[in-house]
1. Cβ under 11 Å from GLN141's Cβ, GLN141 left aside: what net charge do those residues give with Lys, Arg +1 and Asp, Glu -1?
2. For region 59-172, what is the convex hull volume of its Cα atoms per residue in Å³?
3. Computed FRET efficiency, Cβ-Cβ of ALA132 and SER97, R0 25 Å: what is it to the nearest 0.05?
4. Which value, in debye to the nearest 20, gives the size of the charge dipole of region 59-172 about its Cα centre, when Lys and Arg are +1 and Asp and Glu are -1 at the Cβ?
5. What is the sum of charges around VAL80, taking Lys and Arg as +1, Asp and Glu as -1, for the other residues whose C-beta is under 11 Å from the C-beta of VAL80?
Amino acid sequence: MRMTSMPQAMPACQGLPCMQAGFSMLEALAAMMVLNMLALGVLFGQFQALQAQRDALAMQNAVALAQDLWHRMLINPLGVMHYQWQGQVPAGPDCQSLACTDIQWAHADIAAWLSEVQSRIPGAKAQITTTALPVPHVRLQLRWPLAYAASTVDNTSSPDCPVHWRCWESTWRP
C-alpha cells in the first residue's frame with residue numbers, strides 16, 4: 001500500500017497579510033458611492049436647468065399674450081374701456097358670423113384671449129383693468145404656478161404675487 005500525502009491547504013490570504021483580505025471590496029463600494037453622488041449632482045443641475053427653461057418659456061408666452069391683447073385693443077378702439085376681466089371667463093358671442101357691438105367684440109376678444117392663455121400657460125390666471133381717467137391705460141397681470149414649490153425663482157416682481165407663483169404685469173395706453 002502506497003501512502004500519498006494530502007496536498008496542504010493554501011492559506012486564505014494567498015500571500016497577502018491576512019488583515020487586508022476583503023479591503024478591495026470596500027474600496028469598490030466607496031468608489032461607487034462617490035460616483036453615485038456625482039451622478040446625483042449632475043441630475044440636480046439638469047433639474048434646475050429644466051426649471052429655468054420652463055420659467056423662461058412661460059415669461060416669453062406672457063409677453064406674447066400681452067402683445068396679442070394689445071393688438072386686439074388696437075383693432076377695437078371704441079371698445080377699449082370694456083376690456084375688463086378679473087374672474088370668470090365671459091361668454092363671448094360669435095362675432096365672426098354675427099354683427100357685434102364694440103362691447104360684444106371686447107367680450108369675444110377676452111374669451112378667445114383667455115382660452116389662448118390657458119393653452120399656452122396651463123393654470124395661469126389673468127387680471128385686466130382698464131381705466132379712463134385722467135389718461136386711459138390698461139393694466140394686465142398674468143400669474144402662473146411655479147412647477148415646483150421649492151423653486152429658487154424670485155417672484156417679488158409684484159407685491160400682490162402669491163407665494164410659489166410667478167407674476168408678470170404690464171401697463172400701456174391703448
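Each value in this text was obtained by applying a stated rule to the coordinates, not by laboratory testing. Keep in mind the model is a prediction, meaning the values are calculated, not measured. Don't worry about glycine lacking a Cβ; one is built from the backbone with ideal geometry, like all the others, and counts go over all protein chains shown.
1. Net of charged neighbours comes to +1.
2. 104 Å³
3. 0.20
4. In total the dipole reaches around 180 debye.
5. Every neighbour counted, the sum reads 0.
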